[in-house]
Amino acid sequence: MDVVQDDARAWLARQPAGGFDLAFVDPPFDAALWQPALDALLPALAPGAWLYLESPAGHAPALPPGWELHRHGDTREVRYALYRAPGRRVADTLNGNVSVAIPE
């Protein structure tokens with residue numbers, strides 16, 4: 001694992017497309033960065049990737065068609081959600097040799 005101190009959007013712009021299977025997005029809400037951060041991140045996510053996103057309460061993110069909402073919730077100030085990208089999934093490449101389960 002590498003730890004990098006950088007502007008997240010600039011760093012993501014330098015990453016190869018489809019290189020990440022999991023991402024957590026929780027930018028400072030008062031800076032209005034959650035949608036720009038998400039826009040920068042999406043090209044770097046692999047098909048079937050998981051995305052955990054926190055955004056201001058009452059604001060759903062603008063995701064491309066095909067993204068699946070797996071789980072979500074709200075507090076007074078925060079909307080949190082777990083999404084799955086469309087496309088190939090890890091389990092699709094395992095030829096039935098391994099079971100993959102995500103708890104509900």
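The values are calculated or read from the model by the stated rules, or taken from the named source; none is laboratory data. Because the structure is predicted, anything quoted here is derived from the model rather than measured. In this analysis, Cβ positions are derived from the backbone assuming ideal geometry, glycine residues included, and neighbour counts consider all displayed protein chains.
Points to keep in mind about this one:
- Set Ala17, Ala10, Ala60: member being without any contact (Cβ under 8 Å) to a residue 24 or more places away in the chain, of a type in the set (A, V, I, L, M, F, W, C) and loosely packed, with under 11 Cβ neighbours inside 10 Å: Ala10
- Matching entry among Leu42, Leu12, Leu33, Leu94 (being out of contact with any strand residue (DSSP E or B) (no Cβ under 8 Å at 6 or more places or on another chain), modelled with pLDDT under 80 and not hydroxyl-bearing (Ser, Thr, Tyr)): Leu94
- Scanning segment 1-49 for residues that are assigned to a strand (DSSP E or B) and acidic (Asp, Glu) yields a single hit, Asp21.
- Residue list for segment 22-45, restricted to those being surrounded by 14 or more Cβ atoms within 10 Å (Cβ to Cβ), within 13 Å of Tyr83 (Cα to Cα) and out of contact with any Pro (no Cβ under 8 Å at 6 or more places or on another chain): Ala23, Val25, Leu45
- One residue stands out among those in segment 50-67 that are more than 11 Å from the chain's Cα centre (by Cα) and assigned to a strand (DSSP E or B): the one that is farthest from Pro36 (Cα to Cα), which is Pro56.
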